[in-house]
Amino acid sequence: MEPAQFDAGVPAFGTGVLYTFLVTAAGAFALAVMAGVDHRGAAPRLLRAARLAALGTCALIGLDVLLLLYGFLSHDFRIRYVAHYSDRSMPFAYLVSALWGGQDGSLLWWTFLLSLYTSACVLWLKARHRELAPWVIAALMSVIMFFGVLMAFAANPFAASFGVPPVDGEGLNPQLQNFYMAIHPPSLYTGFVGCAVPFAFAVAALISGRLDEEWILAARRWVLFAWMFLSIGNVLGMLWAYEELGWGGFWAWDPVENAACLPWWTLTAYLHSVMTQERRGILKVWNVSLLLGTFFLTIFGTFLTRSGLISSVHSFAQSEIGIYFVWYMGGLIVASLALVIWRLPRLRRPVHFDAVLSREAMFVANNWLLLGICVFIALATTWPKINEWLWDARLTVGASFYNAWLAPAAMVLFALVGVGTLTPWRKGTPKLLGEAFRGPLVAAGAALAAHVAFGRRLGFPAVIHIDPIYDNVTTVWLLGPVNVGRTLAWVDGHLPAVATSLFAFNLAALMQEFWRGARARMRSRAESAPVALTRLVSRNRRRYGGYIVHIGFALMMLGFLGAAYRTEAEATLRPGERFSLGRYELRYDRPEMLRNPNRREVHGKLTVFRGGRELARISPARFIYTARQEMPTTEVSITSGLREDLYVVMASIDPETRVGHFKAFVNPLTVWIWIGGVVMVLGVMVAMWPDASRAAEAAMRARRAADAAREEEAA
Amino acid sequence: MSDTTQEREPLARFIPWAVLGVAVLVAIPLGVVRGAATVALWLAFALLASAVLLFWESLRSLIDPSAPVEEEEDEASRLAAVEARKNSALRALKDIAFERSIGRLGEDDYAELEARYRAEA
């Protein structure tokens, strides 16, 4: 459809709306601050004005997104962004996903999601938390203002094309024309942007001085929601990489992947340590810092992805926006530190643990470990650039480095998850601890013995060989000369056995928790086992929702363990020839060429046999998109099972000789990562599902009390 | 707050939902007849109108003394916050009772924690 006459000014109108919402956000910010500091009775009026101005700003941001969408749907190539990221042959779904497919549009999308969160939060705050509300609105508006400035001065998605607009656009990057790519960025952004709301509550608590549990309770569901979407976004990112990049794996420790997972670690730490604050009233400084840090990491991640600082298959084009992020991050650090230091006397409480084997001590240990992993990933990601700045030397930090160091750390975390589940708050008597640990320890021992005895026969040996990543001898304090690389490789080689036993330990600990809880209900209330279990979960959603998340985490760890057993083979075949890998034999039948308006597809038709029987017919392919012929994509073929995936890539086919070059991988246990991800999401939903009857009852009681107070005053 | 405002408020509460409903209802036939691009344009117009109304109301809060300020919500909101904190303490009480019932909390610790949460509740 050609752009109609009446929309001649869409690029100019969009830019105008951009400037307008920047101004209105600043207005809403000023009104909210005035409402927060007013002590002369004007606060309710100012707060209402701020709230409505914030909602109006959000409506303007929505308007801008719809204008850009209109630009894509009407192929208005006068808008440079539309011309660069779409073409006339693209289907509707990818025209929509092109909204966030490039730098400028993704920043608008970021702001749009933030406006949705802001609207929801402002509407939710209407009758709640009067002291916190102005500062929450002000904090959210300040973030919107930053993105407004960024787009207005450095990355305007409505910037006009130079000269005469092109007849057709350049088209979306073919690698982004994938189902998971259409849903992965919105999910990840939803998680990233969602961290702004807990951040706003933390800032509001620090400024208003209301540092008791009020802000924690207020922020709880927002934190869980953001965490859930961070998890979904990262898992979908793994799925996209697995399906689209064609290298056989799902996580390559690419800088952008690392940036996406950084806030997940700190938010996970917060979810655990906040329980210690609720239960014991300690770790207030830590918790508030974790939320401030999580928000900082979302901005840092956005900076890494968009500044062009570090090259990656996922990153956006190089641009001038980096310096804006640097200033904003600097401002965030200074403001956050100043607020925490200002409130330090009221936040600080002496921390004392009654026993090492207590839940709060386990939470602190897991927090340090989660934070340590986060810092390690952040440092390793940025190290090549730091190295270049300081010593003018080029360095690459590869996946083997991360895997070698983080696999042992992940095992310690896995152990802490299990031990933390079993330890009581404060301290447990040796008898109680013995009862709690006996079953899981027996399960872990049995799993270890079974793995050692039968693992090799089943194709999963308990100990594997890993090549050292370094081979130099280093003197380590107290230990003397140590070959760090060989030691690390030895430890990593034994991790499959450790992981299996920890998997059994965790599952047994979690099942035991469900069983003990259900049994207590069966005894005290004479309920049947299914009724007791259902009611146990529904009446203790937070606790058992958390346990379900842990089951999901354990299943994901099982999937990650499978990566240690990955095998691969390559073959160049004529039609009718075969090659084998593990339990599979693959026969190359024929090549096939398909065409549609958007692309050409070259398929390699293969038949898969297992144990002499035909298992599946597969069709790995290369897609050549009309608009970007220089970027053919790899379309892998995955035959998935609970035990392993057969993952086949077609590298090339010679059209004259019909000779095909194929690469195949056997990826054991990978499907458990996706199953674990789904279980994790289910667990979060259980944990944050509102108790409708209880909330309604509380609201009604509060309203009645308010009515009674008013009547009394009138009398 | 005046009686007129009290009478007007229940109706006023439904206005945003009514506007949303009308915007969606118009968008459906528009999409069928004119396509997705026109729907985007229509929804953009609806958002522009909403933004104008919201800014007008915001301005009215500042300059019009008769504009609503929802003062009566303050007390209910404060009590709801107190109620939420009480519920949190009650949940903690339930938690420790549960932990004692499955043998995860000793009697001494239970007594100490129970006294603390009861006082908080």
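Values in this text are rule-based calculations from the coordinates and carry no lab data. Worth saying up front: this structure is predicted, and the values here are computed from it rather than measured. Cβ: placed from backbone, ideal geometry, glycine included. Neighbour counts: every protein chain shown.
Descriptive notes on the structure:
- Calculated FRET efficiency for the pair B:A97/B:L59, C-beta based, R₀ 56 Å, to 0.05: 0.55
- Hull volume per residue, based on the alpha-carbon atoms of the stretch A:351-394 and their convex hull, is 82 Å³.
- Straight-line cross-link reach from A:K431 at under 26 Å between alpha-carbon atoms covers these lysines, not counting any fewer than eight positions away in the same chain: B:K94.
- In a DSSP loop and with at most 16 other Cβ atoms within 10 Å, the chymotrypsin sites (Phe, Trp or Tyr not before Pro) in the stretch A:95-162 are A:F162.
- Each residue, A:V659 and A:N596, gets one label point 7 Å from its Cα in the Cβ direction; the gap between the two is 3.2 nm.
- Residue-span extension gain [A:A449 to A:T475] - 0.36 nm each, minus C-alpha spacing: 5.8 nm
- With a 10 Å cut-off around each Cβ of A:558-564, the average count of Cβ atoms from other chains is 0.
- Once C-alpha pairs closer than 8 Å and six or more residues apart are averaged by separation and normalised to the residue number of chain A, the relative contact order reads 10 percent.
- Geometric extent, Cα atoms of the stretch A:165-213 - Rg, Dmax (angstrom): 19.8, 61
- Sorted by Cβ density within 10 Å, fewest first, the residues A:D254, B:D108, A:D392: A:D392, B:D108, A:D254
- Net charge over other residues, Cβ less than 15 angstrom from the Cβ of A:R349 (K, R count +1; D, E count -1): +3
- Normalising by residue count, the stretch A:318-395 has a Cα convex hull of 159 Å³ per residue.
- In range of the label at A:Q629: residues from the stretch A:71-98 whose backbone nitrogen is under 18 Å from the point 7 Å along Cα→Cβ: A:87-90
- Cross-link partners of A:K284 among lysines, defined as those whose alpha carbon lies under 23 angstrom from its own and excluding same-chain residues fewer than eight positions apart: A:K427, B:K86.
- Taking A:W251, A:W383 and counting other C-beta atoms within 10 Å, the order from fewest to most: A:W383, A:W251
- All alpha carbon pair distances within the protein assembly as shown were sorted into 10 Å bins beginning at 0; the resulting P(r) in whole percents reads 2, 11, 19, 23, 21, 15, 7, 2, 0, 0.
- Pairs of alpha carbons in the stretch A:453-593 separated by more than 21 Å make up 67% of all such pairs.
- By the compact-protein rule of thumb, 2.2 N^0.38 Å, the alpha-carbon radius of gyration of the stretch A:301-441 corresponds to a ratio of 1.47.
- Cα point-scatterer Debye curve for the stretch A:76-167, base-10 log of I(q)/I(0) at q = 0.15, 0.23 Å⁻¹: -0.68, -1.09
- If you take all other residues with their beta carbon under 9 Å from the beta carbon of A:L606, and give Lys and Arg +1 and Asp and Glu -1, the sum is +2.
- Once the Cα-Cα distance is subtracted from the 0.36 nm per residue extended length, the A:L406 to A:K431 segment shows a gain of 5.5 nm.
- Per-residue average of Cβ from other chains inside 10 Å of A:424-434: 4
- Straight-distance crosslink candidates among lysines, where the alpha carbon sits under 16 Å from A:K663 and sequence neighbours closer than 8 are dropped: A:K605
- Per principal axis, descending, Cα span of the stretch A:420-463 in whole Å: 44, 16, 11
- Fewest-first sequence of A:W265, A:W405 by Cβ atoms within 10 Å of each Cβ: A:W405, A:W265
- Local electrostatic count, A:R643, Cβ distance below 15 Å [Lys/Arg +1, Asp/Glu -1]: +2
- Derived from the Cα gyration tensor, the three semi-axes of the equivalent ellipsoid of the stretch A:530-672 are 40, 20, 13 Å, largest first.
- A:V340 versus A:E170: modelled label distance in nm, points set 7 Å from Cα along the beta carbon direction: 4.1
- The stretch A:46-200: C-alpha pair distances exceeding 23 Å, %: 41
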